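Q: Handing you this structure, nothing more for now.
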Amino acid sequence: MGMDIVGRAIAARARGDAAAALSRMASIDLFANLPAQSIDNSIATIFSGGHTQVGVGGGTYVADSLANASLAAAHPRACKATANGRYFRLAGPTITVEQLGALGCASAASNSPNDQPAIQAALDYAAAVGLRAVQFTKPFYALWTSQRTHSDLNYANDGRLITIKSGITLEGIGPRPVLTRWGYNGVAPSDLLASVQVIGGNYWRGGGIWLSPDTNFSAARLTLRNFKLDGQLERNANDHAPIYPPGTLTGWDITDKGFSTQGAGAYAGGTTGLSRLDCYDVEICRFRGEVNHGGTNDGAYFLNCHYHTTGGDVNNWQGGYARFDSCKFGNGYSSSEDYCFSGRQMNNCEIYDCDQGGFSGGPDPTWDPAYYDLSRRQDGYAPWVYLNDLMIRNCAVFYIGSWVRGRIIATDTTIHARYTVGALQDIDLEIESWADQAIGGSRNGFLLEGPPSLTTQISGKPVGTYFERPRNINVRLVARRTKRAADAGITLPALFAFGGYMDADSCHFTAGPSVVNYQTASYGTQFTMPFIRHDNIWGGVRGVQGTDVISANTTISPVRADYNLDPNAAGPFDITMGTAVEIAHEQEVTFWFSEFGTEGRRVRFAPAGNLKIPYNLVLSRKGEYVRLRFAKFIGGSGAWALVDSNIHRMTGSKAYDAPSIANGAQTTTTVTVAGALLGDVVEAVVLGASAGGLVVNGYVSAADTVTVVLSNTSGAAVDLPATTLSVEVAKR
């Protein structure tokens with residue numbers, strides 16, 4: 001009985017508290033009508049049925065210490081005075097833009113009504129009272145760019161589309177809302193002068209979302225979620241051609257960034273820069289400047305975001321660690337201009353339809369000529385760029401700088417590592433390179449470009465500061481082609497291309513079974529041949545760089561791993577190994593023969609100089625090859641040793657003056673052929689002069705010895721002139 005009495009007492013008190021709370025609440029039709037109503041002093045909370053229209057933007061309003069005349073003057077859409085002088089303000093922690101007067105529009109193509117003032121008012125009010133989130137609840141919104149009064153192109157807030165002044169969440173509710181940007185006074189964005197503001201002789205478009213330079217964001221966290229911002233400007237033929245000084249409006253426009261933290265000073269590492277950014281399911285597109293631009297002090301995370309369509313850089317994210325998961329970047333002049341000072345990770349992302357792009361890691365967040373200090377050798381930690389299954393499609397060339405590792409699937413795109421970052425180093429990539437639609441010889445799998453000389457001065461740095469050789473680069477690559485490419489006869493030109501100087505021994509390249517025209521190609525002048533592994537590269541199909549026509553004794557300083565030798569005249573022509581190119585230690589080079597064995601068309605490798613082979617090797621049939629390996633530390637400039645050959649053909653020769661041979665008689669002589677053994681076959685005996693009707697044969701008569709027999713069945717005596725006698729022996 002005692003517990004029942006206590007329970008009834010608690011329930012009665014709760015009912016009393018609820019009744020008292022309800023007695024302090026009231027309802028009104030529209031918040032806009034509040035000034036015409038008197039609200040009793042006992043009422044602390046009111047509910048509206050809408051902001052300016054019933055059913056749109058209804059909210060909860062409180063009379064608390066923040067609700068006063070100053071707040072009402074600064075934010076009249078969120079705070080008003082009643083007829084009896086009481087102030088009520090919109091309550092949080094989350095508000096909608098409709099509660100500040102936004103109405104939404106019929107479609108993404110509609111420019112009315114203009115919801116920009118209401119959206120900006122919601123953000124300003126949220127910053128003033130410290131709210132957590134501002135939400136979009138309608139499917140479509142039209143936003144007109146505000147008026148620009150400043151005559152220069154500085155960081156002032158006026159003339160913007162959306163200005164954020166606090167750490168907040170800006171998000172769409174339900175299916176992704178679309179925010180469509182329109183020009184000042186609602187004009188359609190275009191390349192016509194009437195579509196932009198002209199202030200002090202400068203063109204002004206205003207861009208999309210901007211962080212105010214008047215706010216200290218150093219402890220702020222900004223979240224963007226589930227909306228699309230459309231700037232309505234397509235690419236054109238003047239991509240990346242700046243429109244300043246004022247001229248054509250068709251180029252790259254620095255006043256028209258889709259999203260930018262630049263006003264907060266984040267990417268420059270300033271103390272007022274944005275601390276943290278998180279973006280989820282956001283699409284920003286069709287602006288003439290960078291679509292996603294800036295950086296953070298303490299990191300950024302992007303999930304399922306899509307940035308695209310610009311005449312400038314799609315993604316220019318510079319400062320702070322950033323991670324991108326399942327994001328897309330495309331249809332721009334450059335997919336990215338990213339110098340990732342604090343590290344970067346891209347997981348299952350896609351880059352498409354750009355003229356170029358690139359990434360570079362680096363430990364030094366400074367901006368200097370040629371980015372040399374970003375990539376110079378340092379003892380400290382160097383943040384890496386991790387690319388995990390990054391897809392790059394139809395981007396012509398994608399530049400890779402220092403400290404980049406991971407896996408790339410590239411289609412119709414060359415991955416290009418170039419020395420211009422200053423001290424190119426530490427790249428570790430696995431690349432799957434596809435040919436699809438691109439035709440031409442420029443889109444190779446991977447291109448490594450070193451400086452053209454070892455004294456190439458870096459502009460803007462002290463005299464004697466030279467570009468360094470690329471070093472510590474490891475790339476594994478396979479080349480393939482789609483069915484469409486196969487049907488059209490399109491194939492990747494080469495797996496690898498090299499130019500300039502590089503550190504041969506620390507740059508390693510490996511290829512798997514591939515469909516490709518050539519294994520390697522030269523880019524400009526090539527002074528170094530890095531280490532290329534070609535075990536089982538071709539899956540039984542060899543690939544070489546064109547055909548090397550041999551018409552005389554030839555010295556070859558290898559710049560690639562395969563040569564296709566094609567003698568076009570009498571031989572044999574001797575091939576010697578030159579020293580004009582730096583070769584990686586233990587690099588192997590294969591020499592193929594392309595002729596069909598026409599008599600006298602032969603090339604020969606002889607054991608002389610830096611060619612350390614046991615005997616002469618002669619190539620005379622299509623498909624025959626000799627594979628040599630370079631030993632860097634033998635002799636002054638290294639030596640070449642035999643690794644493999646499918647011919648094992650040896651030659652020997654001597655000066656010979658045969659005696660006069662009577663009809664029906666014969667004579668013999670011997671020729672030394674190093675490596676010949678009993679059972680080997682003499683395939684050719686060649687006199688340097690006419691045989692005069694003699695029958696000439698030969699056989700291996702002892703180790704290293706071939707006996708040549710000259711028989712006269714001509715019907716008359718034959719006396720040959722002094723000449724050269726050559727023999728060719730094939731191993732059994």
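The values are calculated or read from the model by the stated rules, or taken from the named source; none is laboratory data. Please read all numbers here as calculations on a predicted model, not as lab measurements. All Cβ positions, glycine included, derive from the backbone under ideal geometry; neighbour counts span all protein chains shown.
Q: Can you work out which of the residues in region 277-299 that are part of a strand (DSSP E or B) and at pLDDT below 95 is nearest to Ser335 (Cα to Cα)?
A: His293
Q: With (1) more than 21 Å from Pro242 (Cβ to Cβ); (2) exposed (fewer than 15 other Cβ atoms within 10 Å of the Cβ); (3) free of Cβ contacts under 8 Å to residues at least 40 places away in the same chain as the list, and Gln147 as the residue in question, which single condition is left unmet?
A: (3)
Q: Same structure again: When you go through Pro213, Pro189 one by one, which is the residue that is surrounded by 15 or more Cβ atoms within 10 Å (Cβ to Cβ), modelled with pLDDT of 95 or more, under 35 Å from the mean Cα position of the chain (by Cα) and not hydrophobic (A, V, I, L, M, F, W, C)?
A: After ruling out the rest, the residue left standing is Pro189.
Q: Every residue in region 132-152 that is within 15 Å of Leu170 (Cα to Cα) and among the β-branched types (Val, Ile, Thr), please.
A: Val134, Thr137
Q: Restricting attention to region 492-511, which residues are farther than 11 Å from Ser433 by Cβ and not in a helix (DSSP H, G or I)?
A: Ala497, Phe498, Gly499, Gly500, Tyr501, Met502, Asp503, Cys507, His508, Phe509, Thr510
Q: Shifting gears a bit: Restricting the first residue to region 506-518 and requiring it to be within 26 Å of Glu582 (Cα to Cα), which pairs with a second residue that is surrounded by fewer than 18 Cβ atoms within 10 Å (Cβ to Cβ) and at pLDDT 90 or above meet a Cβ separation below 6 Å and a spacing of at least six or different chains?
A: Close Cβ pairs (under 6 Å, with a partner that is surrounded by fewer than 18 Cβ atoms within 10 Å (Cβ to Cβ) and at pLDDT 90 or above) amount to Ser506/Asn472; His508/Asn474; Thr510/Arg476.
Q: Then there is this: Got a number for residues in region 613-635 being under 43 Å from the mean Cα position of the chain (by Cα), at negative phi and of a type outside the set (A, V, I, L, M)?
A: 8
Q: When you scan region 306-318, do you find a residue that is within 28 Å of Arg221 (Cα to Cα), touching a strand residue (DSSP E or B) at 6+ places or on another chain (Cβ under 9 Å), at pLDDT below 85 and surrounded by 22 or more Cβ atoms within 10 Å (Cβ to Cβ), even just one?
A: For region 306-318, residues within 28 Å of Arg221 (Cα to Cα), touching a strand residue (DSSP E or B) at 6+ places or on another chain (Cβ under 9 Å), at pLDDT below 85 and surrounded by 22 or more Cβ atoms within 10 Å (Cβ to Cβ): present.
Q: Given the criterion in a strand (DSSP E or B) and surrounded by fewer than 24 Cβ atoms within 10 Å (Cβ to Cβ), identify the matching residue among Arg476, Arg484, Arg469.
A: Going through Arg476, Arg484, Arg469 in turn, the sole match is Arg476.
Q: Of the conditions (1) modelled with pLDDT of 85 or more; (2) out of contact with any Gly (no Cβ under 9 Å at 6 or more places or on another chain); (3) crowded, with 19+ Cβ neighbours inside 10 Å; (4) of a type in the set (A, V, I, L, M), Val544 fails just one. Which one is it?
A: Answer for Val544: the failing condition is (1).
Q: Evaluate the following for Phe467: is it in contact with a Ser or Thr (Cβ under 6 Å, 6 or more places away or on another chain) and over 19 Å from Ile415 (Cα atoms)?
A: The answer is yes for Phe467.
Quick grid of which residues meet (1) in contact with a helix residue (DSSP H, G or I) (Cβ under 8 Å, 6 or more places away or on another chain); (2) crowded, with 17+ Cβ neighbours inside 10 Å; (3) among the hydrophobic types (A, V, I, L, M, F, W, C):
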| residue | (1), (2), (3) |
| --- | --- |
| Leu34 | no, yes, yes |
| Ser42 | yes, no, no |
| Thr45 | no, yes, no |
| Ala63 | no, yes, yes |
| Ala69 | no, no, yes |
| Ala73 | no, no, yes |
| Pro76 | no, no, no |
| Asn84 | no, no, no |
| Phe88 | yes, yes, yes |
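Q: Do any strands (runs of 3 or more DSSP E) lying entirely in region 599-685 carry at least 1 residues that are closer than 16 Å to Val696 by Cβ and touching a residue at least 12 places away in the same chain (Cβ under 8 Å), and which ones are they?
A: Passing ranges, in order: 649-656, 666-672.
Q: While we're looking at this one, here's another question. Here is a list: Phe498, Phe467. Which entry is touching a residue at least 12 places away in the same chain (Cβ under 8 Å) and over 10 Å from Pro530 (Cα atoms)?
A: Phe467
Q: Count, please, the residues in region 25-73 that happen to be of a type in the set (A, V, I, L, M) and closer than 17 Å to Val97 by Cα.
A: 4
Q: Still on this structure, please answer the following. Evaluate region 457-467: report whether one residue or more is polar (S, T, N, Q), more than 30 Å from Cys327 (Cβ to Cβ) and out of contact with any Phe, Trp or Tyr (no Cβ under 9 Å at 6 or more places or on another chain).
A: Yes, region 457-467 contains at least one residue that is polar (S, T, N, Q), more than 30 Å from Cys327 (Cβ to Cβ) and out of contact with any Phe, Trp or Tyr (no Cβ under 9 Å at 6 or more places or on another chain).
Q: Exactly one of (1) under 12 Å from the mean Cα position of the chain (by Cα); (2) crowded, with 24+ Cβ neighbours inside 10 Å is unmet by Arg405. Its number?
A: Here Arg405 meets the rest and fails (2).
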